[in-house]
Structures are given as C-alpha cells and as structure tokens.
1. So, in the range 48-74, exactly how many residues are out of contact with any Leu (no Cβ under 9 Å at 6 or more places or on another chain), in a helix (DSSP H, G or I) and more than 26 Å from Thr117 (Cβ to Cβ)?
2. What number of residues in the range 172-188 are aliphatic (A, V, I, L, M) and either crowded, with 21+ Cβ neighbours inside 10 Å or touching an Asp or Glu at 6+ places or on another chain (Cβ under 7 Å) (or both)?
3. I'd like the full set of residues that are charged (D, E, K, R) and either part of a helix (DSSP H, G or I) or buried (at least 24 other Cβ atoms within 10 Å of the Cβ) (or both), limited to the range 151-171.
4. If the Cβ limit is 8 Å and pairs must be 6+ apart or interchain, which residue in the range 31-44 that is farther than 15 Å from His104 by Cα pairs with which residue that is hydroxyl-bearing (Ser, Thr, Tyr)?
5. Can you pull out the residues in the range 132-150 that are in a helix (DSSP H, G or I) and over 26 Å from Asp29 (Cβ atoms)?
6. Assess whether Leu153 counts as being more than 12 Å from the chain's Cα centre (by Cα) and at negative phi.
7. Just name the residue that is surrounded by the most Cβ atoms within 10 Å (Cβ to Cβ) out of those in the range 1-47 that are at pLDDT 70 or above and part of a loop (DSSP other than H, G, I, E, B).
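The values are calculated or read from the model by the stated rules, or taken from the named source; none is laboratory data. Note that this is a predicted model, so its numbers are computed, not measured. Heads up, the Cβs are rebuilt from the backbone with ideal geometry, glycines too, and the neighbour counts pull from every protein chain shown.
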Amino acid sequence: MVDARRRCRYRRNLSEMNSAIDRLDDRLDEAWEIVRDIPALDRIFYTASEAADFSVLWHTLGVVQAIVEDDPKIALALSASLGVESALINGPVKSLFKRSRPVHEGERPHKLRQPKTSSFPSGHASAAMVAAAMLSRRGGGPLWYLLAGIVALSRVHVRIHHGSDVAGGLIAGVALGAAARRLANSWF
C-alpha cells in the first residue's frame, strides 16, 4: 500500500515537472521567434545544423587540426570521443526519454534532415561540447566553444529540438568532453 502511494506521488511529481519543462520550452520557442526568418541567421543556423549531422563538421575539423599540427592522434582521439558520445547519447540515453520533437507546420527556409530518434537530449549539442573540449586541447578554446554554441542553438532555431533538449545535450556533452579530454591527455 505504501509503495503504491509512493509510485503514485512519484508519477504526479514527474508529470508536474514535465509540464513545467514544456511551458518553459514553449516560452523559449516563442522568444526565439524574433530571430527566425532573418535570412542571414537562417543561413547560419541551418548550415551549422546540417554540417554537424553525424558529427561530420567535428570530424573534418579534427582532421584539419591533425594535418596542421602534423599529429594524427588529434583526429583519432576526437573521432573516438565522438564515437563514444554518439553511442551513449543516441543509444541508451535517448531510449530512456523517448521525447517527441517540436511540431513544425509549414515550410522551412532551407532543407534539413529530420531525425527519427528521441528529442532529448540533443545529440548535436552533446557532440558539439565533446568536440570543443577535444579541439581546444591545442588552443583556441573560446572559438571552438563559440562554434559549438552555434551548432547547439541551431537545433532550437530550426525547430528540431526543444530548448531543454539542447540544455540536456550541453550538460551531457560538457561531462563527456571533460572525461574524454582527461583520457586523451593521459594517453597522448
């Protein structure tokens, strides 16, 4: 009897928390409308979002950095880190939440792949933070994190993620990026 009450209270609290998060996401989305449909910003955010599909942007930058630094371990460490991040976030983590993506009616100003996985957390945001942590090992930290922020925010701009999805992805990415950076610094 006590366990049933606890489960009921837990479900009610979880439902209330989800409702509060949904309201916050709605407010953020409404506030973001002011910068949507500005052609220059649309181009930046849609390009960033598409370039970061499957972490292609980050793998490419890792290869470029490895060539410039004449150190292939840079690209290997980054790619390995992104592989672990993707396996964790797009596998067990997203399957735990199974959150639906934002509903968008109407045409988008640019074509964009529509993912079929859970919306929470944003894989683009988590991968961006892992990549920024790894790429900044050789300097340029603020620029890498700025680019990561643009990619993360692009997911709200293009209406593929809720703001809380991006926040969750950023938090997961910071944690995974810190761990990956520690491991890479000790191994390489």
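1. Total satisfying the criteria: 6.
2. Keep residues of the range 172-188 that are aliphatic (A, V, I, L, M), which gives 172, 174-176, 178-180, 183-184.
Adding the requirement that they be either crowded, with 21+ Cβ neighbours inside 10 Å or touching an Asp or Glu at 6+ places or on another chain (Cβ under 7 Å) (or both) leaves 172, 176, 180.
Summing the residues that are aliphatic (A, V, I, L, M) and either crowded, with 21+ Cβ neighbours inside 10 Å or touching an Asp or Glu at 6+ places or on another chain (Cβ under 7 Å) (or both) in the range 172-188 gives 3.
3. Of everything in the range 151-171, those that are charged (D, E, K, R) and either part of a helix (DSSP H, G or I) or buried (at least 24 other Cβ atoms within 10 Å of the Cβ) (or both) turn out to be Arg155, Asp165.
4. Between residues of the range 31-44 that are farther than 15 Å from His104 by Cα and residues that are hydroxyl-bearing (Ser, Thr, Tyr), the close pairs are Ile44/Ser154.
5. Result: Ala133, Met134, Leu135, Ser136, Arg137, Arg138, Gly141, Pro142, Leu143, Trp144.
6. On the way: more than 12 Å from the chain's Cα centre (by Cα): no; at negative phi: yes.
Criteria not met by Leu153.
7. Filtering the range 1-47 for residues that are at pLDDT 70 or above and part of a loop (DSSP other than H, G, I, E, B), the one surrounded by the most Cβ atoms within 10 Å (Cβ to Cβ) comes out as Arg36.
Yes or no, residue by residue, for (1) touching a Ser or Thr at 6+ places or on another chain (Cβ under 6 Å); (2) crowded, with 23+ Cβ neighbours inside 10 Å:
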{"site": "Lys94", "(1), (2)": "yes, no"}
{"site": "His110", "(1), (2)": "no, no"}
{"site": "Ser118", "(1), (2)": "no, no"}
{"site": "Ala128", "(1), (2)": "no, yes"}
{"site": "Arg138", "(1), (2)": "no, no"}
